[in-house]
Each structure stands twice: as C-alpha cells, then as structure tokens.
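Right, one structure below, let's go through it.
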Amino acid sequence: WEVDEWYGTRYKVADIAQRIVKNAGDWFSHLTDKCLCHERLGTLDVEAKRQVISQMSLPPANKYISEDCKMVAEPAPPHTSSAPAPIPTPTQVLDTPTIKGWHLLDVSMEAPRAAIFLSLNSAGLDSSARSAALVRMLLEVLELRINEARYMAEEAGITIDITNYSFSAPCYGLRLLLHGFTGKLEEVLQDVVRELESLSITEEVFGMAKEKAETDYRNRKFQQPYLHSILSNQAVLEKPFWSDEERLAELHKLTPTDLAIFHSDFLTQMQVDALVAGNMQEARAK
C-alpha cells in the first residue's frame, strides 16, 4: 500500500483481474454460467436470462439539456467613472390580482444563465401550528414527486430549490428558485408547477414525506448554536410563531385527506410574486 502525500490516505494501484476484463468485454457472457452476477441470475435458464437482459436499457434522453446558449445582450463596458457604478434594479412587468412579476436583464457574468424566483403565498398559512405543518408536508410531497425531474434538470445544469422558510423574512407558503442555463429553464418551471397543480398524494408518498418531516423536526434541537439563536430571534420578532415542537405535535395528527384538502385551498388562494433575472429578455420572462 502507498500513502497519499497530502491527506495520508492509504491506496493501492493494481491491474484489473483478467477474468473481469474478459467478462466486461463480452456482453453475452451474462447469458452463460461465467456471468459474474451468477448469484442473482444463476438459477435461471438461458432464455430467462435473455429476458432479464432485454429489460435493461439506457436512460431516456434528457429533455432539459439546453441547445440555445446565446447571449441576449452584450455586457456593459467596464465602469471607469469615479462616481459609484449604478446598481441595476428589477422592472415590474406584471401586476394582476394574483401575480406580480419583475424582470432584471443581467448579462454581466457573460454566461447564458438565468434565475427564476417564485414566492407562492396563500392566506391563513400562519394561523396555526397545524397550517405550518401542512405547508411542510406539501413541500415534502412535492419534493418526492419532482425527484426524477430534478435529477434530470441538475444533470443539464439547472438547479431546483424549494423551501417553506426564510431566515430573512416571514414565509407564508413555498419559495421556488430555479437557476441554470436559460434554454430550458422555463420548461423545468412548467413541469414543477404542473406537478404542484396536480399533486398526487398517495398513502405511500404521504408516509415517506411525514417520516422525513418528523425526523427533521426532532433533530433540530441538535443543530449548531447559531441556528438556535436565529430561531430565538424569529420567536421574538414574528407573531404568530410556531415552535418545532408545536409543529411536530400537529404533524403526528395529519392524514393524506387533510393534506389533499389543504392542497386544494392553497392553490385556490395562492398569490405569486416572481422575479426573473439573468440572460433573458423581458418578453420571454413575462
């Protein structure tokens, strides 16, 4: 064994065994008794093995890979004046009873990337610890439902971040942030919003989401001290404020039916604040 110079990690470099090389180079060896995965397929006959192999396939094409990598504008020339450089500010482009939207063209990084920020608020979400627990469950179920789309998006350079809290301001709903290559950014957004709109709440998914939320609430008492100080600050400044213990107590009582009713009410009363910033023109952002 050798020892790494920087971290002291022990490692060994050796040639791959010839039997592994031979079997890897001969795909059809999986249909014979020489198959390295014989513990799983060894009891099957050749035809049954062929059927197993026929079910294997490459992953589907990633529809989120951007083919449009153009910059929509030229970056501004370097600021040379002694006066402070002007700070770009978003322009409001939508103002309806349900949606308020802002746009900021920013190509200063000279990359075909943009960000979409949505604040999905609904009346009455701060009225009780039960409502707060239901928002958390809505978040967890949505996270599970978009898991496959999130993986494909991240492989294509687009990040999806969904939260139901904020350390800087009260959050009365869900906050959705997408950022990455501009070409397919809105397609990812449409898929996430479509999933939220038609959210399927099965017993299995509800159970998984509930277990994750309960574990998180129980473990928060073990967080770093600075997080406890932030939480204590919020308890003083925010009214009403619901502690993790109060949310956990209500979480135990929830059922899939409760969440389905809450989901419907959430969508009916939802108000949206949106910001699109980066390499995207105003017309497309709208």
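Values for this structure:
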quantity	calculated
nm² value of the averaged projected area, convex hull over the Cα atoms of segment 103-142	4.6 nm²
Cβ charges +1 (Lys, Arg) and -1 (Asp, Glu), total dipole of segment 147-286, debye	400 debye
Dipole magnitude of segment 173-218, debye to nearest 20 (Cβ charges: Lys/Arg +1, Asp/Glu -1, about Cα centre)	200 debye
Furthest towards positive pole of dipole, 125, 107, 88, structure part segment 84-150, Cβ charges	125
Built amide H within the under 5 Å cut-off of residue 102, gap 5+	93, 274, 275, 276
Those aspartates and glutamates that a straight Cα-Cα span of less than 14 Å connects to residue 221, excepting residues fewer than 8 apart in one chain	244, 245, 246
Cross-link pairs 70/184; 212/239; 210/253 - those with Cα-Cα distance over 21 Å	212/239
Three semi-axes of the equivalent ellipsoid, segment 128-282, Cα gyration tensor, whole Å, largest first	27, 20, 15
Dimensionless Rg ratio for segment 173-255, taking C-alpha atoms and the 2.2 N^0.38 Å reference	1.44
Charged-residue dipole, Cβ positions (Lys, Arg, Asp, Glu), segment 190-253 about Cα centre, Debye nearest 20	320 debye
Built amide H within the under 5 Å cut-off of residue 113, gap 5+	182, 279
From phi via Karplus (6.51, -1.76, 1.60), per-residue ³J(HN,Hα) for segment 122-134 in Hz, x at Gly/Pro	9, 5, x, 6, 9, 6, 7, 5, 5, 4, 4, 5, 5
Cubic angstrom per residue, convex hull over Cα atoms of segment 110-189	98 Å³
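A short reminder: the numbers here are calculations on the coordinates, not readings from a lab. Values in this document were obtained by computation on a predicted structure and should not be read as measured data. Positions of Cβ are generated from backbone atoms using ideal geometry, with glycine treated the same way; all protein chains shown enter the neighbour counts.
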